[in-house]
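Reading through the structure tokens given below for one structure.
The values are calculated or read from the model by the stated rules, or taken from the named source; none is laboratory data. The structure presented is a predicted model; accordingly, all values stated were derived computationally and were not measured. Every residue, glycine as well, gets a Cβ built from its backbone with ideal geometry; the counts of neighbours run over all protein chains shown.
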């Protein structure tokens, strides 16, 4: 899956890592089992609430003894990080995640956030830092009349509802067939806990967490135009791992070096929300790779810190992302793509099973010619769900459809419905923090978080 040329899609590259942030907000497998050993879904230990409630940002809140460390003394604002000066690029407050700052070098650089996976690569870490900014800006927007005891919960509610709106109105329609998104949010679910009590805690379908929602792996580029210091593809994926605190060492610095601060103009299209002045230099905008059955080559050799592996795993097949995804599905005895398609039809979802020819040939994706005839026959008859969903997208111009779209959209709908604060249960909610009434996209969120200032959205300039 890592051989051959990857194609660009039409989705801004920032959405790759917004999707990873969402994944970390919804799922965290804490099960202690050897890689490759079989385990049942009932035995999985879920370390995140399967709701879209930002517990990966807030933890259990400022009054919780273990989570209090993430907050300022006012128990309302989240702590921010400070970058490290590099040459003429001065130290800046609010452009890194907060870090422990004491102990050994590894302990000092450890992110002070509820989910350390949000520091496993620089792109997702910068999204986490942006969400911290967003929360703190919302706190600052509260009226002086709001009692101190209520300020955190008021702010959290506004943040969560606006975040959910971004996922519903901006993220999902970019990665999934729009008709599926519209159908589920207008008419409800048919497969994932249909008819569930909206106020009960959702479950996390393994078909989502281990199968369909691993779509983001195919969107990853091997190199990015990152900022003015690392333009034109010099921000390689390897470096994005290296300049993190979980998979790398921040280049040996105690915090993120200032020359690695993200230029958000290169990751999201601000012209689409009326800010044409926030456009990067010509040729420097990043698109995500098309959602299909190809992965960039660096994902064949993941750093051990990115998956909790041992040092001995590096450079072996166990560090190959495609291998890990497929083995994980086998460990859980996950249904195949064909089995899921048949199941959806029994629930009244009109999906068509991909043909053997479609699964074999695709549309410019993974080449299966290395498989023996026996292996190919077995693969086409019982196709791993993750591969199946990616092949569906590949045949649909890079958007999830059929089985993949239905699993992803219904799971996220249920995750929003079951959240303490929920746009699904609050149909009258309309976003108020954007510049246009009723519209709130990821670019709007970043504009609000960074005070509509180019000097904050792209602090290193062009």
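Worth pointing out:
- Answer residue from region 292-332, given it is within 19 Å of residue 27 (Cβ to Cβ) and in a loop (DSSP other than H, G, I, E, B) and is modelled with the lowest pLDDT among those: 307
- If the condition is being part of a helix (DSSP H, G or I) and surrounded by fewer than 18 Cβ atoms within 10 Å (Cβ to Cβ), then region 343-376 contributes 343, 345, 346, 356, 357, 358, 360, 361, 373, 374, 375, 376.
- Of note, residue 144 satisfies the criterion of being without any contact (Cβ under 8 Å) to a residue 24 or more places away in the chain, more than 20 Å from the chain's Cα centre (by Cα), more than 16 Å from residue 19 (Cα to Cα) and assigned to a loop (DSSP other than H, G, I, E, B).
- Any chance residue 427 is on the phi < 0 side of the Ramachandran plot and at pLDDT below 95: yes
- Scanning region 345-359 for residues that are touching a helix residue (DSSP H, G or I) at 6+ places or on another chain (Cβ under 6 Å) and more than 28 Å from residue 184 (Cα to Cα) yields one hit, 356.
- Qualifying residues in region 389-417 (those that are outside any helix (DSSP H, G or I) and in contact with a strand residue (DSSP E or B) (Cβ under 9 Å, 6 or more places away or on another chain)) - the one surrounded by the most Cβ atoms within 10 Å (Cβ to Cβ): 400
- The single condition among (1) under 16 Å from residue 180 (Cβ atoms); (2) under 19 Å from the mean Cα position of the chain (by Cα) that residue 402 does not satisfy is (2).
- Residues within region 193-215 that are surrounded by 13 or more Cβ atoms within 10 Å (Cβ to Cβ) and either without any contact (Cβ under 8 Å) to a residue 12 or more places away in the chain or over 18 Å from residue 421 (Cβ atoms) (or both), tallied: 14
- Taken over region 63-96, residues that are part of a loop (DSSP other than H, G, I, E, B), touching a residue at least 40 places away in the same chain (Cβ under 8 Å) and on the phi < 0 side of the Ramachandran plot amount to 14.
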